[in-house]
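What follows is calculated from the coordinates using simple rules that are stated; it is not laboratory data. Predicted model, so just to flag it, every value in this text is computed and none were measured. Cβ sites come from the backbone with ideal geometry, for glycine too, and all protein chains shown count toward neighbours.
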Protein chains: 2
Amino acid sequence: MDIVEQIDKINRQLTVNGYKLTPQREITLKVLLENERDHLSAEDVFMLVRQKFPEIGLATVYRTLELLAELNIVQKMNFGDGVARFDLRQEGHDHMHHHLVCRLRLEKEKIQDDWLLELEQRVANEYGFKVTDHRLDFMGVYQTCKNDSKTCKRTGKAVS
Amino acid sequence: MDIVEQIDKINRQLTVNGYKLTPQREITLKVLLENERDHLSAEDVFMLVRQKFPEIGLATVYRTLELLAELNIVQKMNFGDGVARFDLRQEGHDHMHHHLVCRLRLEKEKIQDDWLLELEQRVANEYGFKVTDHRLDFMGVYQTCKNDSKTCKRTGKAVS
DNA sequence: TTTCGTGCAAAGGTTTTGCACCGCA
DNA sequence: TGCGGTGCAAAACCTTTGCACGAAA
């Protein structure tokens, strides 16, 4: 499915829920689609959108992202760095987001494997809890990073 | 291990790292120990500490929590509600934190079972990633909550 | 006209920082 | 004296909100 088709599909989701696909919203979506592999902050999105649509306001970007999150078109995430980050929900991975968060790199890597379906089943059975979404983050260090450096790039402190 | 012993142990951790156990830090620790089962925000901690030590400043609480998080004595968490929350790391559950986050309740329930050791092993093997910590949250609804109400307590909106 | 969406600026809330001061080695 | 730690206030920061305006049904 190419970008035009995806936007078309999302447009229908908006319409069904009584919202319009304004130029601002369309460009915001394009930016999200073009950066599917990143975890963009609202500020990131704002700056990318402004390259294509300089008149846009930051508040509009926030409102658009909030709207898309509410409609479950994007997922709002939090890595503890003080800003919310947004990911387009991908086909076939409706609500699976696993990340490797390396103390030495600043980036995060996604794991796409659905390793958690069995766990969800277990939670449902043992806790009477219907899971609609989950999030799994592993914090740690890549072996390759560890070999490269003994100093954390973020804090400048030595890491064990 | 009672609270005195735990504080004693943490005192040693502080000393080893060149920090002192000031009265402010000790009372902050006591509050955290007395509320192990909650996920207190910095503001929560501040208000509880102030009951025992009215002169304390909010900045000191923030600095103490940051220090404790850095030494891995508390875990800093984020549930997406705009505030960081802090948990004492418990004996025998050094770095395991799983939560059930219900859309209808505001609280979160901890799962203590270590369901993820095998997954960590897998990540280590397949990604060359040494896991030092992980976080797993399940978002969803308790069956009992669903029966009680069709309206979300947080947003006031109907939930499916 | 009515409604929805927007840009701008202001406000809100959380967290961090600057600075003077204090206690202790 | 030197240094770590503190309280207070100000600043910084991200995000939300109020408001007037504009476009579309």
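Sorting the segments A:73-84, B:16-27, B:64-75 by their mean number of nearby beta carbons within 10 angstrom, highest to lowest, gives B:64-75, A:73-84, B:16-27. Relative to one another, the C-alpha centroids of the stretch A:1-77 and the stretch B:1-34 are positioned 47 Å apart. Our estimate of slack between A:Glu34 and A:Lys52, defined as 0.36 nm per intervening residue step minus the Cα-Cα distance, is 5.2 nm. Sorted from closest to farthest, the other copies place their A:Asn17 label points 4.2 nm away, with each point set 7 Å from Cα along Cα→Cβ. Label-point spacing for A:Gln51 across the identical copies (point 7 Å from Cα in the Cβ direction), in nm and ascending order: 5.3.
Each other copy holds its own label point for A:Glu36; taking that point as 7 Å from Cα along Cα to Cβ, the gaps run 4.6 nm, nearest first.
Modelled this way, with points 7 Å down the Cα-to-C-beta line, the labels at B:Leu21 and A:Thr15 are 6.7 nm from one another.
Between B:Glu66 and A:Arg63, the simple spin-label model (points 7 angstrom out along Cα→Cβ) gives 3.5 nm.
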